[in-house]
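Here's the structure we're looking at; comments come further down.
None of the figures in this text is laboratory data; all of them are computed from the coordinates on show. All of these numbers come straight from a predicted model, not from anything done at the bench. Counting neighbours? That spans all protein chains shown, and the Cβs are built from the backbone with ideal geometry, glycine included.
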């Protein structure tokens, strides 16, 4: 197996190694997803509203810091390479996740989540490296494969985290996650090979055009950033309340709560892992913008009905359909960005997209907590569905140049 891997061109070998790397990131990050709000409950004597607030802050703090530092890391990656940024992210998160297992108060937890965001960026740099080094004709398919790495890890992670939390308590998954990321640091160091011919190795003199203005259609690229943010916002608005919503649906029988919450959290990954590569190939043939529109439509018809379920397994089925939205939209957006951006600015454009993704992760949990406190948990799904509708309308506007260009070609 390893001999066959070594016989592949570097760009193909990187796809498989970075698939495994993003898989491990998904496992590690997903492990704590089902029970972070439950873990927050153990760190003090809190009311329901306080638990919603603190868990929302804990979710959001990581991504707030990510939104701030991603452009800095992206600019550095364009100069020193994506591989050093991959190693930095894996090693930093390994240390922070391990320390999180020793949290003694909710503010220590929140502080470490901020620090986690500072070191974040493995997945975005993996996407940037694959987008830069893969021939353009294969970029959609390649990015679809990398997406399945993270989503399949995110599928297994919550299941594993819920299982471990049931047996060992809420702290053990943090220690296991730290160990996974230490291993990932080593694998990235020895396995990933980057083509450095497009790196900006010398500091430019004089005023240089921004990475955004270097794109063929800057407003469309900015619109894609907004789309990434909104999709992540509505997806993550559910995270702080998901385990509590599952608890509400299970009442009065709350046995195996962590396990079932983990299964519900993992459901989108089950469909995303199957369909993301297929959607990536389809986008290479028919146009990635059509996949984005399809993802919007699936998201709308899946999200709003979640507000009206009375059975946890109906919620599970609807979450499976949300995975189709992720499978269609994430590789499609990244493929469009890769096609419309000069290679020397790839990491910066992808880091800007990462910042907008992170802002969605910041405001999503806060929005979810706020809406849950005002309208209860069901209102979160209705508000999320309405936001997807609004973003679909705006996408038709800013993606017009891409549709015109494709129709003329």
* To do: Please work out the C-alpha center-to-center distance from the range 83-103 to the range 221-260 and express it in whole Å.
  => 25 Å
* Asked: How much length, in nm to one decimal, is gained on full extension between residue 80 and residue 274, taken as 0.36 nm per residue of separation minus their Cα-Cα distance?
  -> 66.4 nm
* Asked: How much of the calculated P(r) for the range 270-409 lies past 24 Å, in percent of all Cα pairs?
  -> 38 percent
* Residue order, fewest to most beta carbons within 10 Å, for 47, 341, 98, 22 -> 47, 98, 341, 22
* Structure fact -> For the range 320-368, the Debye formula with one identical point scatterer on each Cα and no solvent gives log10 I(q)/I(0) at q = 0.18, 0.22, 0.31 Å⁻¹ as -0.69, -0.89, -1.07
* Ordering of 287-297, 114-124 by burial proxy (mean other Cβ atoms within 10 Å per residue, highest first) -> 114-124, 287-297
* For the range 22-159, compute Rh as the Kirkwood radius over C-alpha pairs and then the Stokes-Einstein diffusion coefficient at 25 °C and 0.890 mPa s; write the answer in µm²/s, rounded to an integer. => 153 µm²/s
* Take the Cα radius of gyration of the range 269-317 and divide it by 2.2 N^0.38 Å, with N its residue count; two decimals is plenty. => 1.40
* **Taking all pairs of distinct alpha-carbon atoms in the range 79-151, Kirkwood radius in angstrom** => 13.8 Å
* Structure fact -> Quarter of the surface of the C-alpha convex hull for the range 304-387, i.e. direction-averaged projected area in nm², equals 6.3 nm²
* Asked: By how many degrees, 0 to 90 and rounded to 10, does the Cα axis of helix 139-168 deviate from the longest principal axis of the chain?
  -> 20 degrees
* Full extension from residue 12 to residue 172: what is 0.36 nm times the residue separation minus their Cα-Cα distance, to one decimal in nm? -> 54.0 nm
* **Separation in nanometres of the label points that stand 7 Å from Cα toward Cβ, at residue 68 and residue 182** => 2.9 nm
* To do: Can you tell me how much longer the chain between residue 20 and residue 226 gets when fully stretched, taken as 0.36 nm per residue apart minus their C-alpha distance, in nm with one decimal?
  => 71.3 nm
* To do: Take the Cα coordinates of the range 1-102, assign each an equal point scatterer, and use the Debye formula without solvent to give log10 I(q)/I(0) at q = 0.18 Å⁻¹.
  => -1.03
* So what's the chain giving for Cα Rg divided by 2.2 N^0.38 Å, two decimals? -> 0.94
* Structure fact -> Expected sort for 381, 168, 182 with the fewest Cβ neighbours (10 Å cutoff) up front is 168, 182, 381
* Asked: To the nearest Å, what is the center-to-center distance of the range 276-297 and the range 344-358, using C-alpha atoms only?
  -> 21 Å
* Which of 48, 83, 75 comes first, and how do the rest follow, when ranked by fewest Cβ neighbours within 10 Å? -> 48, 75, 83
